[in-house]
Amino acid sequence: LRRALAEPPPAADRAGVLLEIARAEAFVGAPETVAHLREAVELMEEGPERARARLELARALFWIADEEPAVTEIEAGIAEAADPGLRRVLEAEYFAAALRLPGLQEEAHARLAALAVPDADDWGSRMLLSLQSYALTFRGEDLDQAVVLAERGLARGMTWETVTWAFWGGVYTLLWADRFDRSLVFVDEVLAEARRRGAPFSFSGTSMVRSAIGVHLGRLDEAEADARASLEALPHRRVMFAPHCFGWLIQVLVERGRIDEARALLAEAGADGAVPETYATAPLLRARAVLRLGEANADASAGDALAYGRALEAVGMRNPAAGPWRSDAALALLNSGDAEDARPLAATEVELARRWGAPRAVGRALRVLGLAEGGEAGIATLRESVLALEDSPALLERARSLVELGAALRRSLKKIEARDRLRAGLDLAQRCGAVALAERAREELVAAGARPRSAAVTGAAALTPSERRIAALAAEGMTNRQIAQSLFVTPRTVEMHLSNAFRKLRIGSRTQLAEALAG
């Protein structure tokens, strides 16, 4: 296609060639996409084709976090689009960008709330439904209605021709509403198609979302493997979701007790210095707050959590299921000895979490409030937290609440019940792969007079998430080259992970993998 431009064709033909080049580049996330789309738009006559080209340009700008120019192109496209279906697609792209911009988000929320989406089976209508659900979720309002809108928007999945962030708004609604299984179905369908087509850009972004779901479920092994796969396939660092890729992996590493790795990754992301307080960079602020708390740097952690909160508040985000900055800040303040400032933050988060109603958010908020209250009142609130999470699939949050309740009971000299709670928390923490939390539970159990078992250091339990994933694929009969292609890594990377897995599993051939992994 690029060779076709060597002998300059007529303007209309050149525009068509540029569009085809840009579509191929967008497929792999190439940074030249925007320049080629801009030139194509300039060469085209006004009309529906130029409106569609503006749509593609707006999407390309959005994916590199240039939301304001994206909005400009969308507005121009809406003015040129006569077809109602195309106008709805353009409107959806407008809202997808405007909801992320402090200067436009308030008006975008109002317009979305008032918008009557037709009961039509077209992609524009489904995108708008997905975004309406996302807007409700942003504000933490009407969980049931938000879920209904999300499921209607995602009912037909997402074709390769409609790869757009508008649909992911519905996925995040399901995630923050604790509908983990439903969000995973959509994500796994897109991921399988990305693998089949060999599309690294889509594979990277979808793996990032899958990592977030894994963290929420407490599947830290899977979450780490997905986050690493996302970063390895990331086409370039200007991609809008790059801060999310780094942010989720940093949080997972902290949970797994690997503070040095998390610190190095934060530096690689360029977030070990000044980070702007924007919605685009909010995941890095959250990750740094979590890391600094893990480093016992509570004052810096509180500052990052509050900066994270300001970035979310600027775009109207008030749902603690999506952004638990108040509990993050309260935990940091408690660790610095400032319970007086921590309590109102924790109490506000409980109120907002209950208004939304997702058990994971409610349980987390109650746990932090219980810690801030202390004493018998705190123990009662921690019991509420455990109860709120009792039937939740969010196992990591349940494990945290069990450990904190057990520790509070141990401090109150109720050692028999404390040991029961701590053993349950330790078991869940180990199942989640939460090494740091498991170690804390063991220390509390010893203080309560128990003798907890040591963590496994050999066999299948000793494999890293990447080693486990590659070993499982090899056990299914895939060759090294097939594994490398499906995960967008080099064959050398596959060989290295398999070699490490063989050593830890104490086996010598692929035929022994299935049995060793099961063991």
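Taking only DSSP H segments of four or more residues, each worth -39500 (n - 2.57), what value at 222 nm results for the chain once the sum is divided by all its residues, to the nearest 500 deg cm²/dmol? Show your work: numbers first, answer last.
On the way: 27 runs with 373 residues, N = 519.
Only helices count here, giving -23000 deg cm²/dmol.
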In cubic angstrom, how much convex hull volume per residue do the alpha carbon atoms of the range 424-519 span?
103 Å³
Tell me, Kirkwood radius of the range 98-158 from alpha-carbon pair distances, in Å?
11.8 Å
Contour minus end-to-end for GLU107 and GLU42, with contour as 0.36 nm per residue of separation and end-to-end as the Cα-Cα distance?
20.4 nm
Relative contact order in percent for the chain (Cα pairs under 8 Å, 6+ apart) equals 10 percent
Could you state the angle between the C-alpha long axis of helix 282-294 and the longest principal axis of the C-alpha atoms of the chain, as a value from 0 to 90 degrees rounded to the nearest 10?
20 degrees
Can you pull a Stokes-Einstein diffusion coefficient for the range 127-197 at 10 °C (1.306 mPa s), Rh from Kirkwood over Cα pairs, as a whole number of µm²/s?
134 µm²/s
Binned Cα-Cα distance frequencies in the range 260-365 - 5 Å width, integer %:
2, 15, 23, 22, 21, 12, 5, 1
Under a crude label model (7 Å from the Cα following the beta-carbon direction), how far is ALA116 from GLU495 in nanometres?
6.6 nm
The base-10 log of I(q)/I(0) that the Debye equation returns for the range 161-280 at q = 0.15 Å⁻¹, one scatterer per C-alpha, is -0.67
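Once the Cβ-Cβ distance between ALA462 and ALA300 is put in as r, and R0 is 41 Å, what FRET efficiency do you end up with, to the nearest 0.05?
That gives a FRET efficiency of 0.80.
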Using a Förster radius of 25 Å, what is the FRET efficiency between ALA436 and GLU390 based on their Cβ-Cβ separation? Nearest 0.05, please.
0.60
Over all pairs of different Cα atoms in the range 344-477, the reciprocal of the mean inverse distance gives a Kirkwood radius in Å of 15.8 Å
The extension gain from ARG503 to ALA377, computed as 0.36 nm times the residue separation minus the Cα-Cα distance, is 40.3 nm
Calculate the FRET efficiency for ALA35 and GLU277 from the Cβ-Cβ distance with a Förster distance of 41 Å, rounded to the nearest 0.05.
0.90
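Evaluate the charge dipole of the chain about its Cα centre and quote only its size in Debye, nearest 20, assuming +1 on the Cβ of each Lys and Arg and -1 on the Cβ of each Asp and Glu. Can you show the working numbers first?
Values: 65 positive and 73 negative charges, 466 e Å.
Its charge dipole is roughly 2240 debye.
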Let me check against my output: what whole-number percent is the relative contact order of the range 100-154, with C-alpha pairs under 8 Å and at least 6 apart?
32 percent
Which values, in whole Å and largest first, are the semi-axes of the equivalent ellipsoid of the chain obtained as the square root of 5 times each eigenvalue of the Cα gyration tensor?
42, 29, 19
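Assuming 0.36 nm per residue, please report the length gained on full extension of the stretch ASP142 to GLU476 beyond their Cα-Cα distance.
Extending this stretch completely gives an extra 115.9 nm.
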Each label sits 7 Å from Cα toward the beta-carbon; between GLU68 and SER412 the label points are separated, in nm, by 5.4 nm
Relative to the first principal axis of the alpha-carbon coordinates of the chain, what is the inclination of helix 200-217, with its axis defined by its Cα atoms, in degrees from 0 to 90 and to the nearest 10?
30 degrees
Just want the answer: with Cβ charges of +1 for Lys and Arg and -1 for Asp and Glu, which residue in GLY169, VAL290, ALA305 is farthest toward the dipole's positive end in the chain?
VAL290
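Read-outs throughout are calculated quantities, based only on the coordinates presented, and are distinct from any laboratory measurement. Just so you know, these numbers come straight off a predicted model, no measurement behind them. Positions of Cβ are generated from backbone atoms using ideal geometry, with glycine treated the same way; all protein chains shown enter the neighbour counts.
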